[in-house]
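Contents: one structure, followed by commentary.
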Amino acid sequence: MAESTIDVSISQRWVIGMSLAGAVLGCGAAFLVGPLVNWLLGLAGDAPGPLRLAAGLPLIWAIPILTLAGCFTGLWFGREWQKENGTITITVEGMTVHRAGSIRHVARERIGGAFTDGHDLVVTDTATNELLRVTTDRVLVDRLRGAFERLDYPWHGTRDPYDDAFAAWVDGSGLLDAHTHDLFRARERALADDLPGTAENARDELRDLGIAVRARGGGQQYRLARGSELG
């Protein structure tokens, strides 16, 4: 039977691999922390307290303690990486993004194309309006491409096909009306204050106006969907 549901996420094997890598680094640190502290003391006359504490441990204790510390640190980073990327479920009916306690679905009949743009997965409709733009890790790109292609979605590659249509947002520019500028300002403040939900709400309102927006070089860029007009 043909595959009809494909889940794309950071696999548990990657998380375990990061935990094992942390353990190896921790074990190595047990042998290096003493010389490192001595070097810092000779260079600056001081060293961070945790490093001095680790350097004071007998090697027979330092090896298991730092190995376990590295293991759990790697496991924590792996779990955070896994949570940050969430799960993207692609089916013949549409795609669903499960991330940070939220769920977002786009029906198959609305999707006109999918591609990655830097660290973003972008889904557009047939009028090129962005239906979805979510951050995704580069290690998932091949799996996303394979999932979209296996379920017969239009996959447009790893570069935004509308890249040349983007322009930098300039506050107060006469190219946009007052309400649109207000939405850009609200999104800019939300991004600066690390309020992703508020920033996404502003993006949604801009999307309803037929405006795609992305962050680039510390600023915002935008483009019009096919058939939209500035005013």
Taking the range 116-140 and keeping residues open to solvent by less than 20 Å² (accessible area, probe 1.4 Å) and either assigned to a helix (DSSP H, G or I) or not polar (S, T, N, Q) (or both) leaves Asp117, Leu121, Val122, Val123, Glu130, Leu131, Leu132, Arg133, Leu140
In the range 75-115, which residues are farther than 29 Å from Met18 by Cα and open to solvent by less than 40 Å² (accessible area, probe 1.4 Å)? Thr91, Gly94, Val106, Ala107, Ile111, Gly112, Gly113, Ala114
Regarding Arg214, is this residue of a type outside the set (Asp, Glu), in contact (Cβ under 8 Å) with a residue 12 or more places away in the chain and not in a strand (DSSP E or B)? no
Which of the residues that make up the range 52-97 are in contact (Cβ under 8 Å) with a residue 60 or more places away in the chain, hydrophobic (A, V, I, L, M, F, W, C) and touching a strand residue (DSSP E or B) at 6+ places or on another chain (Cβ under 7 Å)? Ile88, Ile90
Which residue, of Ala186, Ala190, Ala147, is of a type in the set (A, V, I, L, M, F, W, C), surrounded by 13 or more Cβ atoms within 10 Å (Cβ to Cβ) and touching a residue at least 24 places away in the same chain (Cβ under 8 Å)? Ala147
I'd like the full set of residues that are assigned to a helix (DSSP H, G or I) and either open to solvent by 20 Å² or more (accessible area, probe 1.4 Å) or within 23 Å of Ala127 (Cα to Cα) (or both), limited to the range 193-211. Pro196, Gly197, Thr198, Glu200, Asn201, Ala202, Arg203, Asp204, Glu205, Leu206, Arg207, Asp208
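The values are calculated or read from the model by the stated rules, or taken from the named source; none is laboratory data. The model shown is predicted, which means the values in this text are computed figures rather than measured ones. Note that each Cβ is placed from the backbone with ideal geometry, even for glycine, and that neighbours are counted across all protein chains shown. With ligands, DNA and RNA removed, areas are computed over all heavy atoms of the protein, side chains included. Shrake-Rupley method; radii C 1.70, N 1.55, O 1.52, S 1.80 Å.
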